[in-house]
1. Restricting to the range B:64-114, name every residue that is small (Gly, Ala, Ser) and under 22 Å from the mean Cα position of the chain (by Cα).
2. On the given criteria, is A:Leu149 of a type outside the set (Lys, Arg) and touching a residue at least 12 places away in the same chain (Cβ under 8 Å)?
3. What pairs come out if I take residues in the range B:34-58 that are more than 10 Å from chain A (Cβ to nearest Cβ) and pair them with residues that are assigned to a helix (DSSP H, G or I) whose C-beta lies under 6 Å away, six or more apart or interchain?
4. For B:Ser131, are the conditions met, namely being touching a helix residue (DSSP H, G or I) at 6+ places or on another chain (Cβ under 9 Å) and either modelled with pLDDT of 80 or more or at the interface with chain A (Cβ under 10 Å from one of its Cβ atoms) (or both)?
5. Mind listing whichever residues of the range A:405-428 are surrounded by 18 or more Cβ atoms within 10 Å (Cβ to Cβ), within 10 Å of another protein chain (Cβ to nearest Cβ) and over 18 Å from B:Thr165 (Cα atoms)?
6. Could you say which residue among B:Lys346, B:Lys322 is surrounded by fewer than 23 Cβ atoms within 10 Å (Cβ to Cβ) and either closer than 30 Å to B:Gly79 by Cα or touching a residue at least 60 places away in the same chain (Cβ under 8 Å) (or both)?
7. If you scan the range A:417-433, which residues turn out to be over 13 Å from B:Ile156 (Cα atoms) and assigned to a helix (DSSP H, G or I)?
Amino acid sequence: MKNVTNKQAVPLQKFVATKSRLPKDSSSGLIAYVRQKFFNNLFNSVLSLAVFYLLYILISGALNWAVFDAVWNAANRRECQTLSPNGACWAGVISWFNNLMYGRYESALQWRVNLGAVFGLLWLIPLALNKTPYKTWVFISAILLYPFLAAYLFLGGEIGSEISLFHAFVSAFALAYLLLLYINLGLAYSRLGTLHRPLIGLCQKITRTKAKPLSFTLVWCFLALIIWMVFASYTLSYVPIDRWGGLFLTFIIAGFAITMAIPLGVILALGRRSKLPVIYWLSLLCIELVRSVPLITVLFMSVTLLPLFLPADIEFNKLSQVLVAVCIFAGAYMAENIRGGLQAIPEGQYEAAKTLGLGYWHSMVLIILPQALRMMIPNIMTSFISLLKDTTLVSIIGLFDIMLMARNIANDKAWLGLHTEPLVLISILFFVLCFGMSQYSLNLEKRLKVGH
Amino acid sequence: MLDNAIEKKPSWMVLGLMHLKRMFNANIFSQTKARGVMIQGVVLSLVLLGVYYLLSNATQNLNQMGMMFGFDFLNATAGFNISWSLLPYDPTMSYWRVFMVGMINTLILSFSVIVVATILGTLIGIMRLSSNPMVAFVARAYVELVRNIPLLIQIIFWFTVVFSTLPSPRQSYMLLDAVVLNNRGLYLPTFELSSQAVWPLIMTVFSLALSVFMHRKNKKNRLKNGKLTTNSYILNVCVYLLLGLSLTLFNQSISWQWPQLTGFNYTGGAFLPAAFGAAFMAMTIYRSASIAETVRAGIQSIDKGQAEAASTIGFSRFQALKLIIIPQAARAIVPPITNAWLATTKDSSLAVAIGFPELVSLFMQTSINQTGRAIEIIAMVMGFYVVVSLLMSYLLNVYNNRVQLKVR
């Protein structure tokens, strides 16, 4: 009894939760992470240590060579070696840097190259903006008009003799288009309509339906005429093509190949999907023949065979021959990419387009190709990257692109035998360009992913 | 009225006109079949016209230069030296021989790159998926670094920076006096077969075949019984004893040739020039990166459950990869890998930049310069690459048909 009463006398204890404790150090935190990931068994531990040691040796060696022991200021290679025998001699690369970028383009005229590059960028910027009207036309003009303007700037020369009249005329139109594009863009952002709006009313008296394009063309022609007069009054001094070189030339070749690859690839891919046997076999032959041989043989072919197969009185420069070869090559590879995209489009899309009454070209351009191209963006970007890398091959047939320029440094008297530093520099350059492009393509792929 | 209307039948002339009008309206372009024929006709005639134009230009130009089209030059004496060739070659031999030498050098370079790059690439692809973050990072860094730098730069880097700065023959690196490495290239020991070696050679081949056979039989037995019987143990030991015996006999009957320093250079043994080494290293590393990506994608395409199931039944990670995952991934891996092999064969043409005597450098550069037969030579070189790629895609098709999932 006593016990019971005693028990009753004890007041009910309130439950007090003990303070929550952190888990043992061994199961969380940095140390545990390291232990679990790097040292969870004997093999992994050895592997980790070996890899760590390897990384340490590589990184410290590279840093010592390239930064800490490097020579930045020297007159020639011997001086470099006396200053620091085990370091990089960046002085040689620095003294050749201008040549690496522009080749043997006169340094007083290099602003023209830069201006051409700026125009190219300006042409591409509106494609990324939301308010740009008629983006398709901007894109098409970038492919069709910009090369003329760029070539006009790079080449220069007297109109009519060193540069053809037609070329200069088209360049004037190209510059006028760019100007008009930016004026209209500015007006669009300030909600003022377009430059040719006042003319629309006038044009409607001539044509009811095509008033807008007509008024635009009128303004365009007017601007082009003004620019043409400027062009005609100032003569840019002539820079022959064999003075072009360095990164500038590499970009010309890669850019030309990239812009030409898509139209050519689309045509070949459509041909290969065609039901007409002649067209099918012709495109198949083109694609497979070009794809099964190395680029260097195509380059050799265009250098040695083009002069043979064309009339003897045509003069060739190596650059145009190389451009032809690279275009064919890029087109064939692009065709296979695009064909992959075309095959991946479900049959229903083709049938739906037909049901809407669209003909072959309409259904291709409006329905199928946009989807196919979007689907193939990663592959297309991959082939652009490999194109950029492949442009180095033109150095084998003697075009002074950045590769040959870099190799040329080792033949310079002051920098005799300086191989490593230029090669490392252009490797870094290509790495940055290609890696950047591949990361951009990953990003693009994520953004353009259309959920089904 | 009605009768009148019936009587007013249109005459045959009117009918004919109406028919003509109908034909005109439904013009010939709107009929798919006719249009197809027309388009093809136009394209074909344009192509033929273009080809005719090019060919007529070519004949005119050739006539002007006083040359003829034909392959008779293949029998002419080449007259130039080739720095390295497996086929016996000397300058008195014909251009046909040069072509053969070029093909064989190209094939040797490509084949050795293919073998090593595939192994290295598979390893790196597996490393890329390692659970150890540092290993995975190193593998990824390797892949990204290697595949974003043009192959040509890498080849020239290996040639001018690595192989040219190796020590001169007198200070060469040696391995057991058998392998010698210096700035001229790599020297390996070889052996010469004599007439005494015939029987040991036959014995070696026979015992090798026997051991392969035994290995297969053992595997079958193990799968059937779960273990090996005593008899088969004894048989195995016998076979390996035989193999060892015949190998020792073979070794005694041949004469080894070691590379030896004579004067300023090494002679004897097999020689691989520095250009071969540079091209081999650069191409192997470059291709291994793309193969690693292929292997990684292939392994990742296999359902995660497969790896988990394998670890559930007690497989180690390595066993799971070897027995469960890679056999399944092979279906996805092999087609891109054959493409990589093909690309390697084409890449070998870049060795022309460092003067390795392969097909393009021997035939497209030197021979065109000497004979001027551009059309014939370019056709032959391209023909070689086309044949190789056709052969490769044929083999791939055969493989695909064999491993295709059999779906009922």
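1. In the first step, residues of the range B:64-114 are kept if they are small (Gly, Ala, Ser); the result is B:66, B:70, B:76, B:78-79, B:83, B:85, B:94, B:102, B:110, B:112.
Listed by number, the residues that qualify are B:Ser85, B:Gly102, B:Ser110, B:Ser112.
2. Judged against the criteria, A:Leu149 is a match.
3. Within 6 Å, the pairs are B:Ala34/B:Ile28.
4. On the way: touching a helix residue (DSSP H, G or I) at 6+ places or on another chain (Cβ under 9 Å): yes; either modelled with pLDDT of 80 or more or at the interface with chain A (Cβ under 10 Å from one of its Cβ atoms) (or both): yes.
So B:Ser131 fits the description; yes.
5. Within the range A:405-428, A:Ala406, A:Ile426, A:Ser427 meet the criteria.
6. Details: B:Lys322 fails: either closer than 30 Å to B:Gly79 by Cα or touching a residue at least 60 places away in the same chain (Cβ under 8 Å) (or both).
So the residue among B:Lys346, B:Lys322 that is surrounded by fewer than 23 Cβ atoms within 10 Å (Cβ to Cβ) and either closer than 30 Å to B:Gly79 by Cα or touching a residue at least 60 places away in the same chain (Cβ under 8 Å) (or both) is B:Lys346.
7. A:Leu425, A:Ile428, A:Leu429, A:Phe430, A:Phe431, A:Val432, A:Leu433
To keep it simple, each residue is scored yes or no on (1) within 14 Å of the chain's Cα centre (by Cα); (2) farther than 30 Å from B:Met392 by Cα.
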residue	(1), (2)
A:Phe248	yes, yes
A:Ala257	yes, no
A:Ala261	yes, no
A:Leu264	no, no
A:Leu268	no, no
A:Gly271	no, no
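The values are calculated or read from the model by the stated rules, or taken from the named source; none is laboratory data. Please read all numbers here as calculations on a predicted model, not as lab measurements. Cβ atoms come from the backbone with ideal geometry, glycine included; neighbour counts cover every protein chain shown.
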